[in-house]
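The values are calculated or read from the model by the stated rules, or taken from the named source; none is laboratory data. This structure is a prediction, so every number in the text was calculated from the model and none was measured. Note that each Cβ is placed from the backbone with ideal geometry, even for glycine, and that neighbours are counted across all protein chains shown. These area figures cover heavy atoms from the full protein model, side chains too; ligands, DNA and RNA do not enter into them. Shrake-Rupley method; radii C 1.70, N 1.55, O 1.52, S 1.80 Å.
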Amino acid sequence: LQLISVQQKSGMLLVKCKEKVAIFFREGEIISTRDRRDQIRDPLEEYLIRYGFLCKSEMQSLKRIQTETKLDLTDILLSEKYYSEDELKKIFTDQIYETIQEVISWPKSHYKFISGNRLLQGVKSFTSIRVDAVLMESMRRIDEFAELEKRFPSMEMTFKNLSRPEHELSELTKNEKFIYGILHEEMNPSELSSTRTMPRLNIY
């Protein structure tokens, strides 16, 4: 990743472990991790469902439109007014960070870089991210999540809202207030992540 960045290369980095991830670069910066030639896996689609941005029935509806029109998922999300361009850019960027974090955490993998602007034809992008920023954030998340997992050793742990005085609630952070406000019934971290449009690290 750093070598591609320093040499300001354009092209596609394929990384394989149990799964395969394609990372697209333009002049050394990461612009996407979505390979439209891969008919099985779309990391953006998985991200939208995993964190509750879209439910499965909504995604099925969008997939039908995609089959009929041959448009990219991002085009349909914009045309159907699910998200504004600014909102989609944030989601798109967060998804790239999470995918890169996942790749870096693999204990062993194989990679191949294919250079050339021709590989960027048809690649939809809403962002351009410096590699050093992605690497620093990915390592921060990996270190932080290792500590969080000590507190929450199981995704099956359940939480519920306990009444608190108003002055105590005012001391909560924005994320804490959000979580506190939605815990009207017992929920585990997986349920919170899948329904509340907030990545797992933020939930924890």
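The table below gives the values:
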read-out: Candidate set from region 22-69 (those that are open to solvent by less than 10 Å² (accessible area, probe 1.4 Å) and within 12 Å of F92 (Cβ to Cβ)); member that is nearest to the chain's Cα centre (by Cα); value: Y47
read-out: Selected residue [without any contact (Cβ under 8 Å) to a residue 60 or more places away in the chain and either touching a Phe, Trp or Tyr at 6+ places or on another chain (Cβ under 9 Å) or within 21 Å of W106 (Cα to Cα) (or both)] from E149, E171, E166; value: E149
read-out: Lone qualifier among L62, L44, L71 - being among the aliphatic types (A, V, I, L, M) and in contact (Cβ under 8 Å) with a residue 24 or more places away in the chain; value: L44
read-out: Count of residues meeting criterion [over 16 Å from G122 (Cα atoms) and part of a loop (DSSP other than H, G, I, E, B)] in region 5-36; value: 8
read-out: Candidate set: region 163-178, residues that are open to solvent by less than 90 Å² (accessible area, probe 1.4 Å) and either assigned to a loop (DSSP other than H, G, I, E, B) or touching a strand residue (DSSP E or B) at 6+ places or on another chain (Cβ under 7 Å) (or both); chosen: the one farthest from R200 (Cα to Cα); value: P165
read-out: Residue tally, condition in contact (Cβ under 8 Å) with a residue 40 or more places away in the chain and either open to solvent by 70 Å² or more (accessible area, probe 1.4 Å) or charged (D, E, K, R) (or both), over region 108-143; value: 10
read-out: Residue tally, condition free of Cβ contacts under 8 Å to residues at least 24 places away in the same chain and surrounded by fewer than 15 Cβ atoms within 10 Å (Cβ to Cβ), over region 75-103; value: 7
